[in-house]
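Report on the structure given below.
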Amino acid sequence: MDLSVTHMDDLKTVMEDWKNELLVYKFALDALDTKFSIISQEYNLIHGHNPIEHTKSRVKSFESIVNKLMRKGCEITTKEMKEHIHDIAGVRIICSFISDIYNVVNVLKQHDDLRIVKVKDYIQTPKPNGYRSLHLIIEMPVNLTNRVEYVKAEIQIRTIAMDFWASLEHKIYYKLNNDVPKQLTDELKEAAEIAHYLDEKMLGIKKEVD
C-alpha cells in the first residue's frame, strides 16, 4: 500500500489520540486498584476479616474495542468508544463469601469519588447458562495534569467458586469455538448449581463461626 506522507501523519495522529485515551483508562484502573487495597486493609482492621481475596484488572485492547464498535454499528472513533463501550477498563474482584460481595458494594456506595451507573445482579438472577456474578458500571474522575476526565469502568464481583466456574466455562466455549453440545451446556449449568450450593454452604458455616 502506497501511503502519502500526509496520510501517514494523519494515521500517526489518530493512533496517538487512541493511545492517549486508553492511557486515561489505565490511570482509572490504577486508582481503583489503590481504592480496593485501602478497602481491604481498613475493612480487615475494623472487622477482622478481609472481604477481597484478590483483584484482576485490564484495559481492553484496541482490537477488542474496534471489534465491539463494529458489532454495535458504531464509527471507529474515540468519541464513539467513550459513548458506547463502558467496560474498556475492567476490574474483577474475587471474594470468599457471597456476603462479602454485597459488603464491597455497600462500601463503594459510600465513596463520593465514584458514581454507580448500573447494577446487574446475576447472583440473585443468574444467566440462563448458570453464570453468577455481580456487575457494576461506575463513573469516576481521572485527574490529569491539565484537566479532569470522567470515565466509565466495569467492576465484576464474584466468589472464588463463581470465578472458577466462569473461567472453565469460558475455556470450554473457546476450545469448541462456541459450538458446545447441549449435553455439555446442561452439565455446566448443573456444575454452576453445585458451585452455588458450595457458596451457600460455606456462608452458613461462616455464620456459625461468627
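Just so it is clear, none of the values below were taken in a lab; they were calculated from the coordinates. No experiment lies behind these values; they were computed from the predicted model shown.
Taking each full run of DSSP H in the chain as one helix, which ones are at least 15 Å long along their axis (Cα atoms) and have mean Kyte-Doolittle hydropathy of at least -0.5? Membrane-span-like by this rule: 5-47, 98-109, 160-175. Summary value for region 1-142: 22 percent relative contact order, contacts being C-alpha pairs under 8 angstrom separated by 6+ residues. Cross-link pairs exceeding 32 Å between alpha carbons, from the set Lys109/Lys182; Lys35/Lys127; Lys19/Lys182; Lys68/Lys206; Lys68/Lys175: Lys109/Lys182; Lys19/Lys182; Lys68/Lys206.
Please go through the residue pairs Lys72/Lys152; Lys26/Lys60; Lys72/Lys118; Lys56/Lys201; Lys72/Lys171; Lys60/Lys171 and name each one whose alpha carbons sit more than 21 Å apart in this structure. Over 21 Å apart, Cα to Cα: Lys56/Lys201; Lys72/Lys171. Under 5 Å between amide hydrogens, built in the peptide plane, is the criterion, and for Val151 it picks out Met140, Val142 among residues at least 5 positions away or on other chains.
Computed on region 53-210, with alpha-carbon pairs under 8 angstrom and 6+ residues apart, the relative contact order is 22 percent.
Of the beta bridges DSSP finds with both residues in region 81-210, what % are antiparallel, to the nearest 5? Kindly include the intermediate steps, with their values, before the conclusion.
Details: 16 of 23 bridges.
That works out to approximately 70 percent antiparallel.
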